[in-house]
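So the structure is just underneath, and the comments pick up after that.
Every number here is computed from the coordinates shown, using simple stated rules; none is lab data. Everything numeric here is computed off the predicted structure, so don't read it as measured data. All Cβ positions, even for glycine, are placed from backbone atoms using ideal geometry, and neighbour counts span all protein chains on display.
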Amino acid sequence: AQRVTQPEKLLSVFKGAPVELKCNYSYSGSPELFWYVQYSRQRLQLLLRHISRESIKGFTADLNKGETSFHLKKPFAQEEDSAMYYCALSARDSGAGSYQLTFGKGTKLSVIP
Amino acid sequence: KAGVTQTPRYLIKTRGQQVTLSCSPISGHRSVSWYQQTPGQGLQFLFEYFSETQRNKGNFPGRFSGRQFSNSRSEMNVSTLELGDSALYLCASSKAVTGTSGYNEQFFGPGTRLTVL
């Protein structure tokens with residue numbers, strides 16, 4: 001079974017400071033990792049996925065298979081980054097042909113002006 | 001393109017009752033997944049439907065069930081409601097096609113807030 005752990009429930013940083021949201025996973029196969037974000041009163045939406053190795057809104061995340069981590073980073077936090085961030089793992093359910101997302105419990109990022 | 005819609009947005013029920021929630025996926029999306037979100041447990045996968053068939057199921061009791069119609073719309077039903085079923089129920093749709101080897105992004109609806117008294 002797969003598991004995603006986000007050790008911090010709440011992370012507060014000052015505007016302009018670097019941000020790192022931690023995510024660790026356990027999965028015996030080859031995972032696909034994602035970060036989802038939920039801004040206040042908005043829907044859950046995909047922020048980035050490790051496969052595309054992209055930078056969205058200044059955020060990046062590198063999959064480290066040795067440490068089974070997928071930490072989300074941004075060099076300079078902005079007030080509009082305040083939101084709930086969820087790390088998620090997609091593991092193909094063998095035999096079912098479908099994928100399901102396993103989410104971490106989320107980290108609330110608060111950027112202090 | 002219209003996003004995923006869920007109805008109703010809010011529901012209040014009492015213990016022992018049953019409830020049906022509805023989800024309309026993005027046009028062209030054939031896979032619908034349901035998740036339960038609570039402060040204590042976070043987001044937990046309930047089940048996924050594709051082409052009117054349940055393809056995958058999470059670790060929830062049989063009181064939780066669902067179905068999908070030919071137009072890909074989906075409903076989930078919770079029978080004999082318990083206080084612990086109070087949660088935000090999220091629906092997500094994706095283009096997922098049988099046999100695809102890659103992950104298809106899931107697009108989430110706004111959720112239905114269920115309160116059980």
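Quick one: what are the phi-derived ³J(HN,Hα) couplings along the range A:14-28, Karplus 6.51/-1.76/1.60 with θ = phi - 60°, whole Hz, x for glycine and proline?
Coupling constants for the range A:14-28: 7, 4, x, 7, x, 10, 9, 9, 8, 8, 10, 9, 9, 6, 7 Hz.
Could you work out the relative contact order of the range A:9-93, using alpha carbon pairs under 8 angstrom and six or more residues apart, expressed as a whole percent? Please report the intermediate quantities before stating the final value.
Values: 148 pairs, mean separation 35.7, N = 85.
Relative contact order comes out at 42 percent.
Just counting partner chain Cβ atoms within 10 Å, what average do the residues of peptide A:102-113 show around their Cβ?
2
Go through the range A:49-82 and name the chymotrypsin sites (Phe, Trp or Tyr not before Pro) that are in a DSSP coil and have 10 or fewer other Cβ atoms within 10 Å of their Cβ. Write out the running numbers ahead of the final one.
Values: sites: A:Phe59, A:Phe70, A:Phe76; in loops: A:Phe70, A:Phe76.
Taking the range A:49-82 and a limit of 10 other Cβ atoms within 10 Å, no loop chymotrypsin sites (Phe, Trp or Tyr not before Pro) are found.
How big is chain B by Rg and Dmax over its Cα atoms, in Å?
13.7, 43
Please rank A:Met84, B:Met76, fewest neighbouring Cβ atoms within 10 Å first, as an exposure proxy. Write out the running numbers ahead of the final one.
Values: A:Met84 15, B:Met76 23.
So the ranking, lowest neighbour count to highest, is A:Met84, B:Met76.
Kindly provide the trypsin sites (Lys or Arg not before Pro) of the range B:42-84 that DSSP labels as loop, not H, G, I, E or B, and whose Cβ sees at most 13 other Cβ atoms within 10 Å. If you can, show how the numbers build up before the last one.
Numbers: sites: B:Arg55, B:Lys57, B:Arg63, B:Arg67, B:Arg73; in loops: B:Arg63, B:Arg73.
For trypsin sites (Lys or Arg not before Pro) across the range B:42-84 that sit outside H, G, I, E and B with at most 13 neighbouring Cβ atoms in 10 Å, the list reads B:Arg63.
In percent, what relative contact order does the range B:1-52 have, based on Cα pairs under 8 Å that are 6 or more apart in sequence? Before the final figure, lay out each step's value.
Details: 54 pairs, mean separation 15.3, N = 52.
Computed value for the range B:1-52: 29 percent relative contact order.
Report the dimensions of the protein assembly as shown along its three principal axes from the alpha-carbon atoms, largest first, rounded to Å.
Per principal axis, max minus min of the Cα coordinates gives 49, 41, 35 Å.
Give me the percent relative contact order of chain B, please, defined on Cα pairs under 8 angstrom at least 6 residues apart. Intermediate results must be reported in sequence, preceding the final value.
Working: 294 pairs, mean separation 42.0, N = 117.
It rounds to 36 percent for chain B.
Partner chain Cβ atoms within 10 Å, averaged over the residues of A:32-39 - can you pull that number for me?
Details: counts 2, 0, 3, 0, 3, 0, 3, 0.
Mean shielding by partner chains, rounded to a whole number: 1.
Volume per residue, Å³, of the convex hull around the alpha-carbon atoms of chain A?
Details: hull volume 11.2 nm³, N = 113.
Once divided by residue count, the hull of chain A is 100 Å³.
I want the local charge near B:Glu105. Using Cβ-Cβ distances under 10 Å, sum +1 for each Lys or Arg and -1 for each Asp or Glu among the other residues. Write down the numbers at each step before the final one.
On the way: positive: A:Arg49, B:Lys95; negative: none.
After counting each charged neighbour, the total is +2.
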